[in-house]
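The values are calculated or read from the model by the stated rules, or taken from the named source; none is laboratory data. Source: prediction; values computed, not measured. Virtual Cβ from ideal backbone geometry, glycine too; neighbours counted across all protein chains shown. Please note that ligands, DNA and RNA were not included when accessible areas were found on the heavy atoms of the full protein model with its side chains. Shrake-Rupley method; radii C 1.70, N 1.55, O 1.52, S 1.80 Å.
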Amino acid sequence: MFEVLPHLAPDPILGLSAAYREDTNPNKIDLGVGVYKDEQGNTPILSSVAKAQKMLLETETSKTYITPQGNQGFIDGMLSLLLGKSSPVLLSDRVAAVQAPGGCGALRILSELLVRCNDNAKVWVSDPTWANHIPLIGSAGLKIEKYPYFDKATASIRFDAMMETLRQVEKGDVVLLHGCCHNPTGADLTNAQWDEVLEVAKEREFLPFIDVAYLGFGEGLDEDAYGLRLLIENLPEVIVAASCSKNFGLYRERVGLAAIITEDSKTRNIAQAQIQSIARGIYSMPPSYGGALVDIILADEALNNEWVSEVNDMRERMKTLRAMLVKNLHENGSPKDFSFVNDQKGMFSFLCITPEQVREVREKHSVYFVDSSRVNIAGINQQNVETLAKALVSVL
Ligand SMILES: Cc1ncc(COP(=O)(O)O)c(C=O)c1O
C-alpha cells in the first residue's frame with residue numbers, strides 16, 4: 001500500500017541540524033533551529049519552571065483524562081497575560097479558548113475552525129512567513145495568499161506594499177499577522193503601523209489571525225502585546241494562536257492556546273463548543289503537564305515575578321548578542337552595514353545575504369543557518385561571535 005507514496009525531501013531545518021551534528025570542525029556554529037540558548041549553548045529549564053515542576057509533583061493526585069478544552073486555570077492565566085488583566089474583552093465574555101498542543105496545535109485548530117466557517121476562505125500570510133504556517137494552515141484545506149512584508153535589499157518592512165495589498169483583501173478573508181518578533185525576519189511593525197493595520201481591518205472587514213509565539217522576547221511582555229490588544233479591543237472578531245514553547249522554555253511539553261474573540265457572548269458559546277469538538281476529533285485533549293506548569297507559574301505571585309525576570313534576561317541577552325554581532329562585523333571590515341540587525345526583534349534576524357553566501361559560509365566555515373539567511377541570534381555567544389563575524393565577512 002505505502003509504495004504509492006512519493007518520496008519527500010527532508011525538512012531543510014532538520015537536515016541542517018543533522019549536518020551540524022556530523023560536522024567535526026571544533027569551531028562549528030549552529031544558528032539554525034529556533035530554540036533559545038544560553039552562553040554555554042544549552043537550552044536550560046527555566047528556574048521558575050523547575051520550581052513549578054516540584055510543586056506539581058507534590059500536588060498532582062491523578063493522571064485521569066482532562067477535557068478537550070484543557071486546563072481552565074492555564075486558559076485564564078494565558079488570556080490575562082495576552083489580553084491584559086483588565087481587558088474589556090475578557091470582562092464582556094467574548095473569548096472562547098482551548099489549551100492546545102503548542103502554538104502549532106493552536107494554529108491548526110483555528111484553521112480547522114475557519115474551514116468550518118467557510119471552506120473557501122483565503123488566508124493571507126506575510127511574504128516571507130514562518131515556513132510551517134503553510135502546511136499547518138494549508139493542510140486544513142484553506143487557500144493561502146501572500147502579502148508583501150520584507151525587502152531584503154533594504155532590510156526593512158515593505159509597509160506601503162503590504163497596506164496596498166491589505167486594502168484589496170475581501171470581506172471575510174483572513175490575514176495572518178505575527179504578534180511580535182516576526183519569524184523569520186525579526187522585523188516588527190511599529191505601534192503606528194499597527195494602528196494603520198487596524199484601520200484597514202475595519203475598512204475591509206477581514207479577520208485578523210494573530211500568531212504570537214515570542215511574547216516578551218521583543219521589548220517586554222506588555223509592549224509586545226500592543227498590536228494584539230489593539231486589534232482585539234477594536235474589532236468584533238479576532239483569532240489568536242499563542243505558544244508557550246519559547247517564553248516558558250517548554251518546547252517539548254507542547255503548550256499553546258487557541259483563542260477566538262467573538263462579536264458577542266452567544267457566539268462565544270457556539271465557537272467554544274466548535275473548537276472543543278475540533279480538538280476532540282484530532283487528538284481528543286491536550287497534554288496536561290506543560291499547561292499545569294504554566295498555570296502554577298502565572299497564578300503564584302513570586303513564581304510569576306521570577307518567570308518575568310527570566311524572560312527579561314533572555315530578551316536582554318539577545319539584544320546584547322545583536323549588538324555584539326554588529327560590532328564584530330564592523331570591526332572585521334564588513335563591506336555591508338549590518339546595523340539593521342540591532343533594530344530587529346526577538347530570536348531571529350534576516351542577515352539579508354544571498355543563498356550562495358549562506359552555503360559558502362556553511363561549507364567553508366561550518367556556520368549553519370538556513371538559505372533564507374535567517375539566523376537564530378541566541379546561537380551566538382562571546383566565544384563564537386568573532387569567528388562568526390570573520391566567516392561572514394569572508395563571503396561577502
Ligand atoms: C511564528 C511561530 N508560530 C508558531 C510556532 C509554534 O511553536 P510551538 O508549536 O513549538 O509552540 C513557532 C515555533 O517556532 C513560530 O516560530
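Points worth noting:
- Of the residues making up the range 329-347, those that are more than 17 Å from Asn376 (Cα to Cα) and either assigned to a loop (DSSP other than H, G, I, E, B) or open to solvent by less than 70 Å² (accessible area, probe 1.4 Å) (or both) are Asn332, Gly333, Ser334, Pro335, Lys336, Asp337.
- Set side by side, the residues Leu257, Leu230 differ, and just one is open to solvent by 10 Å² or more (accessible area, probe 1.4 Å) and either within 11 Å of the ligand (Cβ to nearest atom) or modelled with pLDDT of 95 or more (or both), which is Leu230.
- Residue within the range 168-175 that is within 16 Å of the ligand (Cβ to nearest atom) and either under 17 Å from Gly227 (Cβ atoms) or buried (at least 21 other Cβ atoms within 10 Å of the Cβ) (or both) present: yes
- Remark: pairs (first residue in the range 89-102, farther than 21 Å from Ala292 by Cα; second residue within 16 Å of the ligand (Cβ to nearest atom) and open to solvent by 40 Å² or more (accessible area, probe 1.4 Å); Cβ separation under 6 Å; 6+ apart in sequence or on different chains) are absent.
- Scanning the range 367-378 for residues that are at pLDDT 95 or above and open to solvent by 10 Å² or more (accessible area, probe 1.4 Å) yields Tyr368, Arg374.
- In the set (1) open to solvent by 70 Å² or more (accessible area, probe 1.4 Å); (2) over 17 Å from Pro236 (Cα atoms); (3) out of contact with any Phe, Trp or Tyr (no Cβ under 6 Å at 6 or more places or on another chain), the condition left unmet by Lys202 is number (2).
- Lone qualifier among Asp211, Asp222, Asp264 - being more than 16 Å from Tyr36 (Cα to Cα), near the ligand (Cβ under 10 Å from one of its atoms) and open to solvent by 10 Å² or more (accessible area, probe 1.4 Å): Asp211
- In the range 176-187, the residues that are within 12 Å of the ligand (Cβ to nearest atom) and within 19 Å of Asn342 (Cβ to Cβ): Cys180, Cys181, His182, Asn183, Pro184, Thr185, Gly186
- Residue that is nearest to the ligand (Cβ to nearest atom), among those in the range 104-134 that are within 16 Å of the chain's Cα centre (by Cα) and open to solvent by 40 Å² or more (accessible area, probe 1.4 Å): Trp130
- Among the residues here, Asp93 does not qualify as away from the ligand (no atom under 15 Å from the Cβ) and not in a loop (DSSP other than H, G, I, E, B).
- For the range 233-254, the set of residues classified as open to solvent by 60 Å² or more (accessible area, probe 1.4 Å), on the phi < 0 side of the Ramachandran plot and in a loop (DSSP other than H, G, I, E, B) consists of Pro236, Glu237, listed by residue number.
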